[in-house]
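The values are calculated or read from the model by the stated rules, or taken from the named source; none is laboratory data. Quantities reported herein were computed from a predicted structural model and do not represent experimental measurements. So basically every Cβ, Gly included, is an ideal-geometry build from the backbone, and we count neighbours across all protein chains shown. Surface accessibility is based on the protein's heavy atoms, side chains included, excluding ligands, DNA and RNA. Shrake-Rupley method; radii C 1.70, N 1.55, O 1.52, S 1.80 Å.
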Amino acid sequence: MVSVRLFTLISFAFFIFISVSESKVLEPHVAESFNVSLIQRLGNTCSYTVIISTSCSSTRYTRDQISVAFGDGYGNQIYAPRLDDPSTKTFEQCSSDTFQINGPCTYQICYVYLYRSGPDGWIPDSVKIFSHGSKAVTFSYNTHVPESVWYGFNYCNRASDSNVLAIGLRRIVIILLGFVVAGTTLLL
C-alpha cells in the first residue's frame, strides 16, 4: 500500500513539474538580449495589420509611450515606434486599436515585444498580427508591461521541429518511467 502511495506521489510531482515548466514558456517575459538597433530596414517592403487590444484592467486612458517590434525566426524584424497618440484616444481601456505597419517581408511571425515608457502603467490584453501570406497570430498579454524594457513573447525556437521532437520524447520518457516505477512497486 505504501508503494502505491509513493508511486502516486512521484507521478503527481512529475506532472506538476512538467506543467509548471511548460506554462512559463507561454507567459510574456522581458527580452534580455533584444536590440531594436539591429532591426533590418532594407529589402522588400510588406504591409502588416497589427491590432492591439487594451485590457479592461488598464487605466481609462494612457499617456504612456507604446512601441511594438515583431518578426520571424529568420531575422526579419519590424519595428514601429510611438504608436500612442493621446489626441486620437489610442490605447483606451477596453478598446482595440488597428495599425498599418510597413516593414521587411517575413515568414510566419513568431515573436512580438511591446515597449512602454510613461507614468500610467498601461496594460495590453492582446496583440494580433496579420501578415502577407501567413496566418494571423495572436499573443495574449493581459498583464502589466514593465517600464522601459521590451516585454513579450518569442515562440520562434519553440516552434522548431527539433524542440517539438524533444518535448515529445521527454513526455514519452516520463510516461515510460512512470510505468516502470508502477510495475516495480506492484511486484513488491
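A few comments on the model shown:
- The residue that is farthest from His144 (Cα to Cα), counting only those in the stretch 61-78 that are open to solvent by 50 Å² or more (accessible area, probe 1.4 Å) and modelled with pLDDT under 95, is Tyr74.
- Residue match in the stretch 52-59 (condition: modelled with pLDDT of 90 or more and surrounded by fewer than 12 Cβ atoms within 10 Å (Cβ to Cβ)): yes
- Residue in the stretch 134-143 that is crowded, with 20+ Cβ neighbours inside 10 Å and farther than 23 Å from Glu27 by Cα present: no
- Scanning the stretch 111-133 for residues that are aromatic (Phe, Trp, Tyr), open to solvent by 60 Å² or more (accessible area, probe 1.4 Å) and more than 16 Å from Ala31 (Cα to Cα) yields a single hit, Phe130.
- Cβ pairs under 9 Å, 6+ apart, first in the stretch 85-104 and in contact (Cβ under 8 Å) with a residue 12 or more places away in the chain and assigned by the TED database to the domain that holds Val145, second open to solvent by 80 Å² or more (accessible area, probe 1.4 Å) and among the basic types (Lys, Arg): Pro86/Arg63; Glu92/Arg60; Gln93/Arg60; Ser95/Lys89; Asp97/Lys89; Gly103/Arg41; Pro104/Arg41
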